[in-house]
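Below is one structure, written out as structure tokens; comments come after it.
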Amino acid sequence: MIQLRPSPADLLRLKEPFGKLLLGDPSKTMPELNTIISRIHPRKILAVGDVVSRETVAAGITVNLRIIDHVSMRKPTATFKLNATTTYHVRNPAGVITLESWEAIKRAMKDDDAVIFVDGEEDLLALPSIVESPNNSLVLYGQPSQGLVVVDTSSTVRNEASLILGHMTREETNRR
């Protein structure tokens, strides 16, 4: 299995929101997200993370791709109903991005309604999600204990994500 590991310098950058941070709990952030969606009419919406995925379902927000690992803040999350047309299952250990996961994101971009179930951790998968999203899409992910990050995928933000991905160390593991 081939995986990418962030450089120590980029780990600091990854702690900062990649887009607009909507502060607060879902009762505040979901109505704000709905306003953004109705204003910009994104081509695709991606939710990276269990809480963001669950809350967008609860708020009735249509999401084209959800990436979940059944864990939030290192604790198992309550399961919730997802009726996706297409599902993918990938392995992605904590702290890395596997090429298998990245390929699943690429394939899922062709779908209108997909879920990627991650065995491991999905946190870093926001980066390839940003890179693979078409212009004028939204990538959503949680900022722990703060709120919701909404990334409008312009070429500028995709280039920044690509630079970070380009700095990552490529590792080959025997694990499958």
Quiz item: Between I40, L99, T169, whose Cα lies farthest towards the positive end of the dipole of region 20-169 when Lys and Arg beta carbons carry +1 and Asp and Glu beta carbons carry -1, centred on the Cα centre?
Solution: I40
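How many percent of DSSP beta bridges within region 20-169 run antiparallel, rounded to 5? Walk me through the numbers on the way to the answer.
On the way: 12 of 30 bridges.
Approximately 40 percent, going by the DSSP bridge assignments.
Report the charge-dipole magnitude of the chain in Debye, nearest 20, computed about the Cα centre from +1 at each Lys and Arg Cβ and -1 at each Asp and Glu Cβ.
Numbers: 21 positive and 21 negative charges, 13 e Å.
For this selection, approximately 60 debye.
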Quiz prompt | Among T85, S27, S133 the positive-end extreme of the charge dipole of region 20-169 (Cβ point charges) | solution = S27
Quiz item: At a Förster distance of 25 Å, what's the computed FRET efficiency of R91 paired with L14, Cβ-Cβ distance as r, to 0.05?
Solution: 0.75
Quiz item: In terms of modelled amide H atoms, which long-range or inter-chain residues lie less than 5 Å from the amide H of Q143?
Solution: L148, V149
Quiz item: Say each of S162 and N34 gets a label point 7 Å from the Cα, pointing the same way as Cα to Cβ; how far apart are those two points in nm?
Solution: 3.6
Practice problem: Report, in degrees rounded to the nearest 10, the 0 to 90 angle that the Cα long axis of helix 155-167 makes with the longest principal axis of the chain. | Solution: 30
Quiz item: Using helices alone, what [θ] at 222 nm do you get for the chain, with -39,500 (n - 2.57) per DSSP H run of 4 or more residues, divided over all residues and rounded to the nearest 500?
Solution: -10000 deg cm²/dmol
Quiz item: How big is D, in µm² s⁻¹, for region 1-52 by Stokes-Einstein at 10 °C and 1.306 mPa s if Rh is the Kirkwood radius over C-alpha pairs?
Solution: 115
Quiz item: Volume per residue, Å³, of the convex hull around the alpha-carbon atoms of the chain?
Solution: 108
Quiz item: When the chain is treated as a GNM, springs tying every alpha-carbon pair under 10 Å, which of I67, I37, I97 comes out with the largest mean-square fluctuation?
Solution: I37
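Any read-out appearing in this document is the output of simple, stated calculations on the displayed coordinates, not a laboratory observation. Just so we're clear, the structure is a prediction, and the values are computed from it rather than from any experiment. Quick reminder, even Gly has a Cβ in these numbers, built from the backbone with ideal geometry, and neighbours come from all protein chains shown.
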